[in-house]
Amino acid sequence: MPEADRALLVEAACAAGEIALRHFKRDPTTWDKGDGQGPVTEADLEIDAMLRARLLAARPDYGWLSEESADNAARLDKRRVFVVDPIDGTRAFIDGHGNFSHSLAIVEDGVPIAAAVHLPVRERLFSAARGAGATLNDSAITASGRDALDGATVLGAKTNFEDIHWKDGTPPVKRTFRSSLAYRLALVGQGRFDAMITLRQAWEWDIAAGALIVAEAGGHVADRSGADLRFNNPHPQVNGVVAGTPTIAGALLDRLVWPLGGEGG
């Protein structure tokens, strides 16, 4: 079943990319959702409607959780749930940058079993199925395998690297950034970067797909306290994310101040 679900998500992610490219750099109608939720565009909503119709038609007994759909507690009674972000990195999409992605996952009993992260502008399609590995454009990928924290490349917003979050100061890593959380996770799974962190509360739809890609690529994923990530929570957020090679992720977790002194990005 995970492989069949993976194929379903891959097809749907490609269809989402076709819609996104029709709107990309063509001044889509945009507005702010309010309450600090950030912007949304007509493309987000068109993709959300397409994905919901397509995926639930194929799996009518699955639940549904999406950034752009009103939440429904009925999903909590479902063993399997779609967890979807129609466009992860909407600000990048609006600004004409190609690092936005479509993030699609299926979660079973709180654990991702199938995933697709698609960057249509970059022509990159990451996918994974539980127990079957992770791929980029159908080629197998693995985490970097790096063991030394000193000089490791870590994706994350600047605020995550403030000394207040770390024992004995910020670790000696090379920081870089991508706007989409799903893409950051996928890049760790690909081995292009050694780790990623986000210390603020993270929405499930941003990370469920990427978390499976990292895990199936041989990496380690946890919340900022070191606990395993669980999905389809009543409030669909998790307590930050630390992902990377097992050694680098472990070293970052060991150095984090807990409880945290502040919020990261």
From 215, 195, 202, residue being small (Gly, Ala, Ser), at pLDDT 95 or above and under 19 Å from residue 114 (Cα atoms): 215
Filtered residue count, the stretch 218-238, keeping only those that are more than 15 Å from the chain's Cα centre (by Cα) and on the phi > 0 side of the Ramachandran plot: 2
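May I ask you to say which residue of 169, 210, 226 is open to solvent by 10 Å² or more (accessible area, probe 1.4 Å) and under 25 Å from residue 107 (Cβ atoms)?
Numbers: 169 fails: under 25 Å from residue 107 (Cβ atoms); 210 fails: open to solvent by 10 Å² or more (accessible area, probe 1.4 Å).
Only one candidate qualifies: 226.
Look through 175, 130, 124 and report the one residue that is modelled with pLDDT of 95 or more and buried (at least 20 other Cβ atoms within 10 Å of the Cβ).
On the way: 175 fails: buried (at least 20 other Cβ atoms within 10 Å of the Cβ); 124 fails: buried (at least 20 other Cβ atoms within 10 Å of the Cβ).
So the residue among 175, 130, 124 that is modelled with pLDDT of 95 or more and buried (at least 20 other Cβ atoms within 10 Å of the Cβ) is 130.
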The stretch 102-134, residues that are farther than 19 Å from residue 237 by Cα and among the polar types (S, T, N, Q): 127
Selection count, the stretch 110-144, where residues are closer than 15 Å to residue 215 by Cβ and not in a strand (DSSP E or B): 8
Search result, residues across the stretch 187-200 that are farther than 19 Å from residue 237 by Cα and open to solvent by less than 20 Å² (accessible area, probe 1.4 Å): 187, 188, 189, 194, 195
Contacts under 9 angstrom Cβ, first residue in the stretch 227-238 being touching a residue at least 40 places away in the same chain (Cβ under 8 Å) and in a loop (DSSP other than H, G, I, E, B), partner among the β-branched types (Val, Ile, Thr) and open to solvent by 40 Å² or more (accessible area, probe 1.4 Å), 6 or more apart: 230/111; 231/111
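The values are calculated or read from the model by the stated rules, or taken from the named source; none is laboratory data. This one's a predicted model, so the numbers in the text were calculated from it and none came from an experiment. Here Cβ is always computed from backbone atoms with ideal geometry, including for glycine, and neighbour counts include all displayed protein chains. Note: areas computed on protein heavy atoms with side chains; ligands, DNA, RNA excluded. Shrake-Rupley method; radii C 1.70, N 1.55, O 1.52, S 1.80 Å.
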